[in-house]
1. Would you pick out the residues in region 229-248 that are within 12 Å of the chain's Cα centre (by Cα) and either of a type in the set (Lys, Arg) or outside any strand (DSSP E or B) (or both)?
2. Could you list, in sequence order, all residues of region 118-134 that are part of a loop (DSSP other than H, G, I, E, B) and modelled with pLDDT under 95?
3. Check TYR218, TYR179 and return the single one that is touching a residue at least 12 places away in the same chain (Cβ under 8 Å), in a helix (DSSP H, G or I) and under 26 Å from GLY83 (Cβ atoms).
4. Tell me, please, whether a residue that is assigned to a loop (DSSP other than H, G, I, E, B), closer than 30 Å to THR131 by Cβ and assigned by TED's automatic domain parsing to the domain that holds GLY83 can be found in region 249-263.
5. Being more than 16 Å from the chain's Cα centre (by Cα), of a type in the set (S, T, N, Q) and modelled with pLDDT of 95 or more, is that true of even one residue in region 183-201?
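The values are calculated or read from the model by the stated rules, or taken from the named source; none is laboratory data. Quantities reported herein were computed from a predicted structural model and do not represent experimental measurements. Reconstructed Cβ throughout: ideal geometry from the backbone, glycine too, with neighbour counts over all protein chains shown.
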Amino acid sequence: MGVLGVASRIFLALIAIQLGAHQINATIPLKTNKLINKANKNGPYIGIVNSAVTTQLLLTLFNVEGVLHYGIAGNANPSLHIGDVAIPQSWSHSGLWNWQRYGQGPEDELPLEANGDYTRELGYINIPNYTVNVSDEDFGSYDNLLNNIWYQREEVFPIDGTPEQRQHAFWVPVDSLYYHLAQNLEGLELEDCVNSTTCLTTTPKVVRVERGTSASIYLDNAAYRGFLYEKFNISPVEMESAAVALISFQQRIPFIVIRALSDLAGGGSADSNEADTFITLAANNSVAVAVEFVKLLPNATLAAY
(Lines give C-alpha, C1' and ligand atoms only; values in the text may rest on other atoms or scores of the structure.)
Protein backbone atom coordinates (compact mmCIF):
# COMPACT_ATOMS: atom_id res chain seq x y z
CA MET A 1 0.00 0.00 0.00
CA GLY A 2 1.32 3.45 -0.88
CA VAL A 3 1.84 6.18 1.68
CA LEU A 4 -1.16 8.15 0.42
CA GLY A 5 -3.32 5.06 0.67
CA VAL A 6 -2.27 4.50 4.25
CA ALA A 7 -2.75 8.18 5.09
CA SER A 8 -6.26 8.28 3.63
CA ARG A 9 -7.33 5.19 5.54
CA ILE A 10 -5.96 6.57 8.78
CA PHE A 11 -7.60 9.93 8.10
CA LEU A 12 -11.00 8.36 7.44
CA ALA A 13 -10.69 6.14 10.48
CA LEU A 14 -9.82 9.06 12.73
CA ILE A 15 -12.63 11.20 11.31
CA ALA A 16 -15.05 8.38 12.03
CA ILE A 17 -13.63 7.91 15.51
CA GLN A 18 -13.98 11.63 16.19
CA LEU A 19 -17.59 11.68 15.00
CA GLY A 20 -18.52 8.51 16.84
CA ALA A 21 -16.76 9.15 20.12
CA HIS A 22 -19.46 11.28 21.73
CA GLN A 23 -21.27 9.27 24.37
CA ILE A 24 -22.83 10.69 27.53
CA ASN A 25 -21.25 8.23 29.96
CA ALA A 26 -17.76 8.96 28.55
CA THR A 27 -17.23 5.38 27.37
CA ILE A 28 -16.09 4.61 23.83
CA PRO A 29 -19.02 3.44 21.68
CA LEU A 30 -18.90 -0.07 20.21
CA LYS A 31 -18.83 1.36 16.67
CA THR A 32 -15.81 3.50 17.53
CA ASN A 33 -14.02 0.55 19.11
CA LYS A 34 -14.53 -1.43 15.91
CA LEU A 35 -13.05 1.40 13.86
CA ILE A 36 -10.00 1.58 16.14
CA ASN A 37 -9.48 -2.18 15.87
CA LYS A 38 -9.80 -2.05 12.09
CA ALA A 39 -7.22 0.74 11.86
CA ASN A 40 -4.83 -1.21 14.08
CA LYS A 41 -5.19 -4.37 11.98
CA ASN A 42 -4.17 -2.44 8.86
CA GLY A 43 -0.85 -1.55 10.54
CA PRO A 44 1.82 -1.47 11.65
CA TYR A 45 2.36 2.03 10.26
CA ILE A 46 6.13 2.16 10.53
CA GLY A 47 8.41 4.82 9.16
CA ILE A 48 8.93 8.55 9.37
CA VAL A 49 6.21 9.61 6.90
CA ASN A 50 3.43 7.48 8.39
CA SER A 51 4.32 8.60 11.90
CA ALA A 52 4.28 12.26 10.92
CA VAL A 53 0.90 11.92 9.19
CA THR A 54 -0.75 10.11 12.08
CA THR A 55 0.70 12.47 14.69
CA GLN A 56 -0.54 15.53 12.79
CA LEU A 57 -3.99 13.98 12.42
CA LEU A 58 -4.08 13.14 16.10
CA LEU A 59 -3.22 16.70 17.13
CA THR A 60 -5.59 18.24 14.57
CA LEU A 61 -8.66 16.13 15.32
CA PHE A 62 -8.42 15.81 19.09
CA ASN A 63 -7.82 18.13 22.03
CA VAL A 64 -4.45 16.68 23.01
CA GLU A 65 -2.64 17.91 26.12
CA GLY A 66 0.51 15.87 25.57
CA VAL A 67 1.96 12.99 23.56
CA LEU A 68 3.42 9.80 25.01
CA HIS A 69 5.04 7.71 22.28
CA TYR A 70 6.37 4.25 23.16
CA GLY A 71 7.60 1.07 21.54
CA ILE A 72 10.80 -0.86 20.87
CA ALA A 73 14.11 0.17 19.32
CA GLY A 74 17.57 -1.01 18.44
CA ASN A 75 20.42 -0.01 20.70
CA ALA A 76 23.60 1.90 19.83
CA ASN A 77 24.84 2.54 23.38
CA PRO A 78 27.38 -0.06 24.60
CA SER A 79 26.49 0.64 28.24
CA LEU A 80 22.85 -0.39 27.72
CA HIS A 81 21.45 -3.88 27.16
CA ILE A 82 18.54 -5.73 25.60
CA GLY A 83 15.41 -5.30 27.71
CA ASP A 84 16.46 -1.90 29.07
CA VAL A 85 14.00 0.94 28.56
CA ALA A 86 15.59 4.18 27.33
CA ILE A 87 13.96 7.60 27.71
CA PRO A 88 15.95 10.15 25.65
CA GLN A 89 16.04 13.85 26.43
CA SER A 90 16.25 14.76 22.72
CA TRP A 91 15.45 13.18 19.36
CA SER A 92 16.80 13.74 15.86
CA HIS A 93 15.97 12.66 12.35
CA SER A 94 19.31 11.32 11.13
CA GLY A 95 18.09 10.29 7.69
CA LEU A 96 18.10 13.74 6.08
CA TRP A 97 21.41 13.99 4.21
CA ASN A 98 23.38 16.05 1.75
CA TRP A 99 25.48 13.47 -0.08
CA GLN A 100 28.61 15.27 -1.23
CA ARG A 101 29.96 14.68 -4.71
CA TYR A 102 33.17 12.75 -5.17
CA GLY A 103 36.30 14.89 -5.10
CA GLN A 104 34.97 17.42 -2.61
CA GLY A 105 35.63 17.50 1.12
CA PRO A 106 34.93 19.25 4.42
CA GLU A 107 36.27 22.59 3.19
CA ASP A 108 33.96 22.69 0.16
CA GLU A 109 30.61 24.43 0.42
CA LEU A 110 27.59 22.21 -0.13
CA PRO A 111 25.04 22.98 -2.87
CA LEU A 112 22.46 25.51 -1.62
CA GLU A 113 24.39 25.99 1.61
CA ALA A 114 24.59 29.74 1.00
CA ASN A 115 20.76 29.89 0.94
CA GLY A 116 20.56 28.22 4.34
CA ASP A 117 19.05 25.05 2.88
CA TYR A 118 21.97 22.85 3.91
CA THR A 119 24.73 23.03 6.50
CA ARG A 120 28.06 21.52 7.51
CA GLU A 121 27.52 22.35 11.17
CA LEU A 122 26.30 18.92 12.25
CA GLY A 123 29.13 16.93 10.77
CA TYR A 124 29.43 14.05 8.33
CA ILE A 125 30.33 10.42 7.92
CA ASN A 126 33.38 9.79 5.76
CA ILE A 127 32.67 6.52 3.96
CA PRO A 128 36.32 5.81 2.99
CA ASN A 129 37.06 5.48 6.73
CA TYR A 130 35.09 2.23 6.70
CA THR A 131 37.11 0.55 3.97
CA VAL A 132 38.32 -2.94 4.94
CA ASN A 133 41.15 -5.21 3.80
CA VAL A 134 43.56 -2.29 3.44
CA SER A 135 47.26 -2.90 4.03
CA ASP A 136 49.15 -0.82 6.59
CA GLU A 137 51.12 1.02 3.93
CA ASP A 138 47.94 2.00 2.08
CA PHE A 139 46.02 3.04 5.20
CA GLY A 140 45.05 6.71 4.95
CA SER A 141 45.54 6.94 1.19
CA TYR A 142 42.53 4.93 0.00
CA ASP A 143 39.43 6.55 -1.46
CA ASN A 144 35.79 5.77 -2.13
CA LEU A 145 33.41 7.11 -4.76
CA LEU A 146 30.65 7.37 -2.13
CA ASN A 147 32.66 10.13 -0.39
CA ASN A 148 30.93 12.03 2.47
CA ILE A 149 27.39 12.24 3.84
CA TRP A 150 26.49 15.42 5.74
CA TYR A 151 23.69 15.36 8.32
CA GLN A 152 21.00 18.00 7.94
CA ARG A 153 18.39 19.76 10.05
CA GLU A 154 14.67 19.60 9.34
CA GLU A 155 12.73 22.68 8.29
CA VAL A 156 10.04 23.48 10.84
CA PHE A 157 7.23 26.05 10.73
CA PRO A 158 5.96 26.37 14.33
CA ILE A 159 2.28 27.05 14.77
CA ASP A 160 3.09 30.18 16.77
CA GLY A 161 5.89 31.33 14.47
CA THR A 162 5.97 33.91 11.71
CA PRO A 163 4.05 32.58 8.66
CA GLU A 164 6.30 31.31 5.87
CA GLN A 165 9.39 31.89 7.99
CA ARG A 166 11.17 28.60 8.49
CA GLN A 167 13.14 27.43 11.46
CA HIS A 168 15.58 24.53 11.55
CA ALA A 169 15.78 21.71 14.06
CA PHE A 170 18.00 18.67 14.44
CA TRP A 171 17.81 17.90 18.16
CA VAL A 172 14.24 18.23 19.42
CA PRO A 173 13.98 18.14 23.23
CA VAL A 174 11.18 16.30 25.00
CA ASP A 175 9.05 18.18 27.50
CA SER A 176 11.19 19.11 30.52
CA LEU A 177 8.45 18.26 33.04
CA TYR A 178 7.82 14.87 31.44
CA TYR A 179 11.54 14.13 31.42
CA HIS A 180 11.81 15.10 35.08
CA LEU A 181 8.87 12.83 35.93
CA ALA A 182 10.54 9.93 34.13
CA GLN A 183 13.25 9.92 36.79
CA ASN A 184 10.69 8.31 39.10
CA LEU A 185 10.58 5.27 36.81
CA GLU A 186 14.26 4.39 37.03
CA GLY A 187 13.79 1.82 39.81
CA LEU A 188 10.90 0.03 38.09
CA GLU A 189 11.16 -3.77 37.96
CA LEU A 190 10.99 -5.11 34.39
CA GLU A 191 10.60 -8.49 32.72
CA ASP A 192 13.85 -10.37 32.18
CA CYS A 193 12.69 -13.76 30.87
CA VAL A 194 10.84 -14.79 27.72
CA ASN A 195 10.03 -18.17 29.26
CA SER A 196 11.44 -20.57 31.85
CA THR A 197 14.52 -21.33 29.74
CA THR A 198 15.24 -18.04 27.93
CA CYS A 199 16.29 -15.08 30.04
CA LEU A 200 18.40 -11.98 29.62
CA THR A 201 22.00 -12.05 30.81
CA THR A 202 21.54 -8.71 32.59
CA THR A 203 18.78 -7.24 34.74
CA PRO A 204 16.83 -4.75 32.60
CA LYS A 205 16.44 -1.20 33.85
CA VAL A 206 14.78 2.09 33.01
CA VAL A 207 17.31 4.78 32.19
CA ARG A 208 17.07 8.36 31.01
CA VAL A 209 19.59 8.99 28.23
CA GLU A 210 20.76 12.01 26.31
CA ARG A 211 19.72 11.24 22.74
CA GLY A 212 17.77 8.98 20.41
CA THR A 213 17.46 9.06 16.63
CA SER A 214 15.12 7.94 13.86
CA ALA A 215 15.41 7.33 10.13
CA SER A 216 13.48 5.33 7.55
CA ILE A 217 16.18 2.69 7.87
CA TYR A 218 16.24 -0.61 9.73
CA LEU A 219 19.70 -0.37 11.26
CA ASP A 220 21.49 -3.72 11.53
CA ASN A 221 25.09 -2.63 10.96
CA ALA A 222 27.64 -2.50 13.77
CA ALA A 223 29.92 0.05 12.08
CA TYR A 224 27.15 2.60 11.58
CA ARG A 225 25.83 1.90 15.06
CA GLY A 226 29.26 2.75 16.45
CA PHE A 227 29.46 5.91 14.37
CA LEU A 228 26.10 7.18 15.63
CA TYR A 229 27.07 6.61 19.23
CA GLU A 230 30.55 8.10 18.94
CA LYS A 231 29.45 11.09 16.84
CA PHE A 232 26.12 11.95 18.44
CA ASN A 233 25.95 9.98 21.73
CA ILE A 234 22.82 8.19 20.55
CA SER A 235 21.22 5.32 22.46
CA PRO A 236 17.95 4.07 20.87
CA VAL A 237 17.75 3.89 17.07
CA GLU A 238 14.43 3.34 15.32
CA MET A 239 12.05 4.56 12.61
CA GLU A 240 9.30 6.78 14.04
CA SER A 241 9.98 8.91 17.11
CA ALA A 242 11.69 11.83 15.37
CA ALA A 243 8.51 12.41 13.36
CA VAL A 244 6.43 12.46 16.54
CA ALA A 245 8.97 14.85 18.06
CA LEU A 246 9.03 17.23 15.10
CA ILE A 247 5.25 17.42 14.74
CA SER A 248 4.80 17.90 18.49
CA PHE A 249 7.48 20.61 18.42
CA GLN A 250 5.80 22.34 15.48
CA GLN A 251 2.40 22.22 17.20
CA ARG A 252 3.88 23.22 20.59
CA ILE A 253 2.53 20.09 22.28
CA PRO A 254 4.60 18.52 25.08
CA PHE A 255 5.84 15.01 24.30
CA ILE A 256 8.04 12.21 25.57
CA VAL A 257 9.22 8.94 24.03
CA ILE A 258 9.77 5.63 25.81
CA ARG A 259 11.68 2.94 23.91
CA ALA A 260 12.58 -0.56 25.10
CA LEU A 261 15.70 -2.02 23.50
CA SER A 262 15.07 -5.26 21.62
CA ASP A 263 18.52 -5.76 20.07
CA LEU A 264 22.02 -4.38 19.71
CA ALA A 265 21.91 -2.83 16.24
CA GLY A 266 24.29 -4.83 14.07
CA GLY A 267 24.65 -7.68 16.56
CA GLY A 268 27.38 -8.55 19.01
CA SER A 269 25.55 -8.75 22.34
CA ALA A 270 25.76 -11.70 24.72
CA ASP A 271 22.12 -12.55 24.01
CA SER A 272 21.67 -14.78 20.98
CA ASN A 273 19.08 -14.11 18.24
CA GLU A 274 18.39 -10.73 19.84
CA ALA A 275 15.40 -9.07 18.16
CA ASP A 276 13.71 -12.31 17.09
CA THR A 277 13.98 -13.68 20.62
CA PHE A 278 13.40 -10.64 22.79
CA ILE A 279 11.02 -8.44 20.81
CA THR A 280 7.99 -9.48 22.89
CA LEU A 281 9.85 -8.98 26.16
CA ALA A 282 11.01 -5.53 25.04
CA ALA A 283 7.48 -4.60 23.96
CA ASN A 284 6.08 -5.67 27.33
CA ASN A 285 8.70 -3.62 29.16
CA SER A 286 7.90 -0.58 27.03
CA VAL A 287 4.19 -0.86 27.81
CA ALA A 288 4.86 -1.37 31.52
CA VAL A 289 6.94 1.81 31.72
CA ALA A 290 4.41 3.79 29.66
CA VAL A 291 1.58 2.75 31.99
CA GLU A 292 3.56 3.76 35.07
CA PHE A 293 4.44 7.09 33.47
CA VAL A 294 0.77 7.87 32.83
CA LYS A 295 0.05 7.23 36.52
CA LEU A 296 2.44 10.05 37.39
CA LEU A 297 0.68 12.65 35.26
CA PRO A 298 -2.25 13.77 37.49
CA ASN A 299 0.08 14.62 40.37
CA ALA A 300 2.45 16.35 37.98
CA THR A 301 -0.34 18.52 36.58
CA LEU A 302 -1.39 19.65 40.03
CA ALA A 303 2.17 20.35 41.07
CA ALA A 304 2.87 22.32 37.90
CA TYR A 305 0.05 24.75 38.61
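1. Within region 229-248, the subset within 12 Å of the chain's Cα centre (by Cα) is 234-246.
Within region 229-248, MET239, GLU240, SER241, ALA242, ALA243, VAL244, ALA245, LEU246 qualify.
2. So in region 118-134, the residues part of a loop (DSSP other than H, G, I, E, B) come out as 118-123, 131-134.
THR131, VAL132, ASN133, VAL134, listed by residue number.
3. TYR179
4. Within region 249-263, not a single residue is assigned to a loop (DSSP other than H, G, I, E, B), closer than 30 Å to THR131 by Cβ and assigned by TED's automatic domain parsing to the domain that holds GLY83.
5. Keep residues of region 183-201 that are more than 16 Å from the chain's Cα centre (by Cα), which gives 183-201.
From the residues that got through so far, the ones that are of a type in the set (S, T, N, Q) too are 183-184, 195-198, 201.
Imposing the further condition that a residue be modelled with pLDDT of 95 or more reduces the set to 183-184.
Yes.
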